[in-house]
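Okay, here's the structure, questions in a sec.
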Amino acid sequence: MSTTAETEKTIWVHIWRGKDEGRHVSYEVPARENQTVLDLVTEVQRYHEPALAYRFACRVGVCGSCAMTVNGRPRWTCRTHVKRVVEGGEITIEPLRNMPRIKDLACDMGEFFDKWQKAGGKFKGKATRREPPMAVDPESRERKNADAGIECINCGVCYAACDVVAWNKDYLGPAALNRAWTLLNDERHADHAGLLEMATSEGGCASCHTQGNCMTHCPVGISPTRSIAGIKKMSLVDLLRGRAR
C-alpha cells in the first residue's frame, strides 16, 4: 500500500535568486487545490528559503504589488491559479522585466513611477476646495474615454510586457501614457495644453509601436494601446487647429 508521502502530488518551482547576476533555484512544494502562484512563492519563503525577497499585500487582486514573471509572462500571482500555468509539473517565476532588480523577485519601480510623473500624471484641479465639486456628465464622450482607463493601479505588468520599453529606456511606457489620457479627458484638469505637450514630448506617445502587448497582458482589461492612440489623434488635431489660426 502506498504511503501518503508517496502519493502526495508536488510541483517543482524554479525561482530566480539574486539580482542581475544570479540563478534559478528549484524547490519542490506540495500541490494543492485552488493554489495560486503567490501561494507557491509563500510556501517556498516559509518552509524552504526564509530570505526570499518578494512583494505582496492584499492577495485578492486589488493592489497589484505581487506582479511577477510566470513562465515568461507578467502576471498578478495572487490571481493566477497554478493549474492554468503549470507545465509538466513545473513553474518558473522571475521578477518583472524592464525594471532594475533589487533582489530575487523584487524590482525597483522608481523609474516606472518617475515616468508616470513625466507624462503629466499629476491632477491639477481648476476649482479650490472652497468651491462646490464640478458636475461631470457620466454619458459624455470625454467621461467614457477616461472611465475606460481609470482603473489602472500601476502594477507595472504592462510596462514589463512592453517591447519598446525593453530597447528604449526613454519611452514613458503604457501606464504613464494611459494616465495622461484619462486626465486629458477630465474637464476638471486645469492644464490640458501642458499635459498634452508632456505626453507628446520625446519618449512620449510617438514612441509607441502599437504592438498591443500592454493591452494583451493587462490584468484588468485596460487598453493603453487605445489610450495612446487617442493621445496621438488629439495631438494631431491640436496641431491642425494651430496651423489654421
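Helix-only mean residue ellipticity at 222 nm, the chain, DSSP H runs n ≥ 4 weighted -39,500 (n - 2.57), per residue, nearest 500. What is it?
Taken over the chain, the calculation gives -10000 deg cm²/dmol.
What does the net charge come to around residue 21 if you take all other residues with beta carbon closer than 15 Å to its beta carbon, with K and R at +1 and D and E at -1?
Overall, the nearby charge balance is +2.
Continuing with the same structure: Quick one: angle between helix 174-184 and the longest Cα principal axis of the chain, in degrees between 0 and 90, rounded to 10, please.
Approximately 30 degrees, to the nearest ten.
Percent of Cα-Cα pairs per 5 Å bin, from 0 to the last occupied bin, for the range 110-244, please list those.
Percent of Cα pairs in each bin: 2, 11, 21, 23, 20, 12, 7, 3, 1, 0.
Using DSSP to call loops (not H, G, I, E or B), can you name the GluC sites (Glu not before Pro) in the range 6-46 whose Cβ has at most 13 other Cβ atoms within 10 angstrom?
8, 21, 33
Right, here's the next one. Mind checking the range 19-49 for trypsin sites (Lys or Arg not before Pro) that DSSP puts in a loop (not H, G, I, E or B) and that have at most 14 other Cβ atoms within 10 Å?
19, 32
The list (1) 17.2; (2) 15.0; (3) 13.3 gives values of mean projected area of the Cα convex hull in nm², and only one came from this structure; which label was calculated from it?
From the options (1) 17.2; (2) 15.0; (3) 13.3, the structure gives (1).
Using the Kirkwood formula on the Cα atoms of the range 4-107, what hydrodynamic radius do you get, in angstrom to one decimal?
13.8 Å
At a threshold of 8 angstrom on Cα-Cα distance, excluding pairs fewer than six apart, so keeping six or more, what relative contact order does the range 171-245 reach in percent?
Relative contact order, the range 171-245: 36 percent.
Where a number appears in this text, it was derived from the coordinates with a stated rule and is not lab data. All of these numbers come straight from a predicted model, not from anything done at the bench. Quick reminder, even Gly has a Cβ in these numbers, built from the backbone with ideal geometry, and neighbours come from all protein chains shown.
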